[in-house]
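These notes are about the structure you will find just below.
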Amino acid sequence: MTTSVPAAGGAPRRRPGSAGRRQARAAWLFMLPTMAVLGVFVVWPMLQALYLSFTDYEVFTPARWIGLENYRALLSDPAFGNALVNTLYYAAVTTPVSVALALGLALLLNRRMPLRGFVRTAVFVPVVISLAVVAIAWSFLLDPNIGLLSHWLSQIGIVSEQGWLRDPSLAMPAVMIVGIWKNVGFYMVMYLAGLQSIPTALYEAARVDGAGPWPRFRRITWPLLANQTMLIVILAAIATLQAFDQIFVMTHGGPFFRTETLVMMTYRIGFKEFQFGYAAAISWALVLLIFVLSMLQVAYFRKRSVTY
Amino acid sequence: MPQDNRALRLTWRLLTAATGLAIALAMLFPLVWMVATSFKPEPEIVSFPPRLLPETFTLDNYIGVWERLPFTRLFLNTVVFAGAVTVCSLLLDSMTAYALARLRFRGKGAVFVLVLVLLMVPFQVTLIPLYDLLAGLGWINTFQGLIVPRLTNAFGIFFLRQFLLSIPRDLEDAARVDGASEWRIYWRIVMPLAVPALLTLGLFHFMYNWNDLLWPLIISQDTSRQTLPAGLALFMGQHVVEYGPLMAASVLTLLPVVVFFIIIQRRFVAGVATTGIR
């Protein structure tokens, strides 16, 4: 709001001509279907979820306002604490590992080399296919009796009697590996775009000054990729906090809830136990988590980004 | 010494090529396993020790898919769901993007801020009230229930708005002076110019919905409306796992997307690189 707006309430400074009015009417007509869909099927449910999180709504009983009771219950619910820790653990491992691998792959595949196109395609293919479907093949690979990967791993001494997906300490690493495998190509492509936007003159100048590969990376590549890294880390963290598909297929949150993430728990409480109010509170906890992390990251990288 | 240098460079080239090949094979390994298993006879699948490649080649698993699953039904459901969402979403997204990028009206800033906010909110938070709403409408386990809530989305609007801002507006201004209606300008002038962006976005929409699990899982209740990912995930959970037919069904599910991707790889990868959406 600027001070030049008259206090008499929203009257436009310049009276729009009939052409302007026609354009405004056209604009709202163009947006009408979108506004209707977003309003009814996105914005309303979002606010409704917030409202429900303050009620004890279950599928066959009407909603009753209980204030902060659900959120208070969440804080003392070991199942929620477990899902929160699992979600953070999953995100804290898969985000940095995916981003670091993606950077390494991008650096490798940005140079001239034989088979470059084939390798890039192979790394990117998991991005475009269904995680739920390919997770079935991963479950099979890790089957303790007939799975090829678990057989190969047992040959090099990594044995799991009950199988990776039933082993409380190995189930989470298994779904993490699948998550990383699925998304690393996506971040690699974003890094490749960043690398290609760095002017080669900078590297030539550095080489003339006698800078080796590590100083060139440290002083040119890494700082100039800072914005790209910010974007990738944020996208990766937000995506990992919403992990669901491969967990649903491979472990269903088990064994002993060891791989139950917040989205998995929302699904269980909402659609298996039909405690809609409580499930809505869990999903709002996820919104909060994603929001806080995005803000922290933006603030952090804003301070550190460098432009030349 | 030039000879030494050349030998060194050749070794280096071979080394990077070998590293690249190893990476590619590791990434493709689960898919190779899936395809190889789908052609193995049952006794080979359950034998120990497991082998990667089939010794005898059979199509039994592909026939088995249709015996164990209503595969044609699931396939058609997925085509209808992903196809309808893609087509309708391109239309609605682009109409809104046109208004935001090209027309002058009060409240434009507020609409754009709303789009940005919706871009940040994870869709899972709407699941429970949305289920409730669709149940009230009698839309659970129907195509309209699956499709209508996805008819437009914040990312599509944002993506097309950015694209439209980047293309010149001389043609439109000339048409406007000639008294063409806004609809005519949108449909006849702007949309043809936006074809590359529409194709990229259409791909994203199609792929996202073809692959999605959580949404169809909740809104469909039986195989009459399940999509392939939901149908296969539930089949895996409910039965004694028969990996042969499951792998064959998985191959058939992934194949259209992979073929599609390989044909238009360049556009697709460029889209990811510039926007950062999967």
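Residues of the stretch B:181-196 with amide nitrogen under 17 Å from the 7 Å Cα-to-Cβ point of residue A:19? Those under the cut-off are B:181-186. For the stretch B:155-278, the alpha-carbon coordinates run over 69, 31, 20 Å along the three principal axes, in decreasing order. Normalised by 2.2 N^0.38 Å, where N counts its residues, the alpha-carbon radius of gyration of the stretch A:19-62 equals 1.84. Considering all C-alpha pairs of the stretch A:179-308, those separated by over 21 Å amount to 58%. Of the residues A:151, B:205, the one with the fewest other Cβ atoms within 10 Å heads the list, and the complete ranking is A:151, B:205. Model label sites at residue B:222 and residue A:44, defined 7 Å from Cα along the beta-carbon direction, differ in position by 2.9 nm.
With 30 Å as the cut-off, how large is the P(r) tail for chain B, expressed as percent of Cα-Cα pairs? Counting every Cα pair in chain B, those more than 30 Å apart make up 49 percent.
Near residue B:64, once Lys and Arg are set to +1 and Asp and Glu to -1 for all other residues with Cβ below 11 Å from its Cβ, the sum equals -3.
Sequence-distant contacts, meaning Cα pairs under 8 Å at least 6 residues apart, place the relative contact order of the stretch B:64-275 at 36 percent. Both radii were evaluated on the Cα set of the protein assembly as shown; the Rg over Rh quotient, with Rh as the Kirkwood radius, amounts to 0.99.
For chain A, the Kirkwood radius over C-alpha pairs fed into Stokes-Einstein at 25 °C and 0.890 mPa s yields D = 104 µm² per second.
With a sphere of radius 15 Å drawn around the Cβ of residue A:164, what net charge do the other residues whose Cβ falls strictly inside it have (Lys, Arg +1; Asp, Glu -1)? That works out to -1. Per 0.36 nm of contour for each residue apart, how much would the distance between residue B:195 and residue B:108 grow if the chain were fully extended, relative to their Cα-Cα spacing? Additional length available on full extension: 28.9 nm. Taken residue by residue and averaged, Cβ atoms of other chains lying within 10 Å of the Cβ of A:97-108 number 1. For the segment B:46-52, counting C-beta atoms of other chains within 10 Å of every residue's C-beta and taking the mean gives 4. Label-to-label distance for residue B:58 and residue A:294 is 5.1 nm, based on points extended 7 Å past Cα in the beta-carbon direction.
Counting every other Cβ atom within 10 Å of each residue's Cβ, A:94, B:227 order from fewest to most as A:94, B:227.
The gain in end-to-end length when the residue B:267 to residue B:143 segment is fully stretched comes to 41.6 nm, 0.36 nm per residue minus the alpha carbon separation. Shown for A:18, B:224, A:283, A:53: other C-beta atoms within 10 Å of each C-beta, ranked fewest to most, produce the order A:18, B:224, A:53, A:283. Report the local net charge at residue B:13: Lys and Arg +1, Asp and Glu -1, summed over other residues whose C-beta lies under 11 Å from its C-beta. That sum, taken over residues with Cβ under 11 Å, equals +4. Across peptide B:226-235, the average count of Cβ atoms from other chains found within 10 Å of a residue's Cβ is 4.
For the stretch B:2-58, the spread of Cα positions along the three principal axes, ordered from largest to smallest, is 58, 18, 17 Å.
Read-outs throughout are calculated quantities, based only on the coordinates presented, and are distinct from any laboratory measurement. The structure presented is a predicted model; accordingly, all values stated were derived computationally and were not measured. Neighbour counts are summed over all protein chains in view; Cβ atoms, including those assigned to glycine, are modelled from backbone coordinates with ideal geometry.
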